[in-house]
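This report concerns only the one structure given below.
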Amino acid sequence: MYVHNGIHAVGGFPEALCGFWHSTLPALVSPRASISLRALVILLSRILVVAATALFPLLVRKTLTTSQPESINTVGEGFAYIGTAIANASSLDYVFGGIALFVVGAPKLLDLFDKSKDVEAHSPFFDLTAALRKTPIQQGIQTQQTDDAIRLALGALRDEMSLLIGGVPSKRVTDVTLLEFCDPEGKQMQVRARTANHEEVKRPVDAKRFVAYYVALEGRNFVEHDFRNGKNPFPPKRVSVRGSHDIDYRSVLYIPIVCVEKLPPAAGHHGAPQVVDSCVGVICVHSSKPYRFWRWGDHTKGVGGFADVAFSRSMPYIALIEQLLSRTAHNVKLEAK
């Protein structure tokens, strides 16, 4: 029920408040990692140009309404005259100047809500290309080659999601894990592969201990904005490894890998073919910070939002992983809703 409500329920004002605090506000006020002298000069120049553009009509009006000397013979006298006009500005002039600056500068401020991301030198397509080259072409099961291709595809997906949410792949802001079913009944699940290569994989665990299990049964994307939100009934402990280790992530994007199979009508029946939905696994994208897969406006939506954007960006990687899993995975049938 927790996962179902998380997918379909509208977060409302509490979610908007947390999302603004953890996602929108840091994106607005976060400084650049580094800024050069050249970039600083360009920034200050742009500010001066915007201010001059906004205030120029007011300056012209003020100079025309100020008593002008009989003659201005030098450039210095001209600037002195303009300075006198500015010094004699009234309160109304300052009000008009503030309004002009706001009107001209407001679009620049609004651009901060959609700041372009720096393009990383490491493209996710590098790992995706390597995964395609590793994909076994011959018939039969080739476990090691398939596992290598899956790990490369997960690495490419990690970089793609990092670029999408603003993380830096080299700093491992996001990690990606692939969970698969161990039996056709879906009673156990295990980590087939993960981007953290040093950690344990292929350790079967009771499927109901995973949030991913309930996401798989729903067959829809699910975003846990903060795993430690206090309402989550699942303990903040790692399930897929031995021992009782605390989780090292806060927000998680769960993407079920759903397969659709069309079967012919049952014997003696006519009509459209039967459509059977099944799930072969779940991809989990982890981030160490809360509300990384949230954008302003998601609090007014149930299904959809930024999770759908992330899913669209991940479709090529999911398609490849699905093909690789189809060689050995167990398909767990989803109940019709």
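Output ³J(HN,Hα) for region 125-136: one whole-Hz value per residue in order, computed from phi by the Karplus curve 6.51 cos²θ - 1.76 cosθ + 1.60 with θ = phi - 60°, and x for Gly and Pro.
Each residue of region 125-136 in turn: 5, 4, 5, 5, 5, 5, 5, 5, 5, 7, 5, x Hz.
Just the accessible area per residue of region 205-337, please: how many Å² with a 1.4 Å probe? Please list the in-between numbers first.
Numbers: 6810 Å² over 133 residues.
Averaged over the residues of region 205-337, the accessible area is 51 Å².
Please identify the GluC sites (Glu not before Pro) of region 167-248 that satisfy two criteria: DSSP loop assignment and at most 10 other Cβ atoms within 10 Å. Which are they?
Of the GluC sites (Glu not before Pro), not one in the loops of region 167-248 has a Cβ with at most 10 other Cβ atoms within 10 Å.
Per-residue counts of other Cβ atoms within 10 Å, averaged by peptide: what ranking do you get for 225-232, 155-162, highest first?
155-162, 225-232
Heavy-atom accessible area of Val50 with all protein chains present, probe 1.4 Å, nearest 10 Å²?
Per-residue accessible area (Val50): approximately 40 Å².
Report the far tail of the P(r) of region 153-258, meaning the percent of Cα-Cα pairs longer than 19 Å. Don't skip to the answer; put the middle values down first.
Values: 2563 of 5565 pairs.
Everything past 19 Å amounts to 46 percent.
Over region 252-337, calculate the relative contact order: mean separation of alpha carbon pairs under 8 Å at least 6 apart, over the residue count, as a percent.
Reported relative contact order: 33 percent.
Would you calculate the volume per residue, in Å³, of the smallest convex hull containing every Cα atom of region 227-337?
Spelled out: Cα convex hull of region 227-337, divided by residues, is 178 Å³.
Can you give me the long-range amide H partners of Gly11? Hydrogens built in the peptide plane at 1.01 Å from N, cutoff under 5 Å, separation of 5 or more residues or another chain.
Amide H neighbours of Gly11, under 5 Å, 5+ apart: Lys301.
The values are calculated or read from the model by the stated rules, or taken from the named source; none is laboratory data. None of the values given here were measured: they were computed from a predicted structure. All Cβ positions, glycine included, derive from the backbone under ideal geometry; neighbour counts span all protein chains shown. Areas reflect the complete protein model, heavy atoms only, side chains present, ligands, DNA and RNA absent. Shrake-Rupley method; radii C 1.70, N 1.55, O 1.52, S 1.80 Å.
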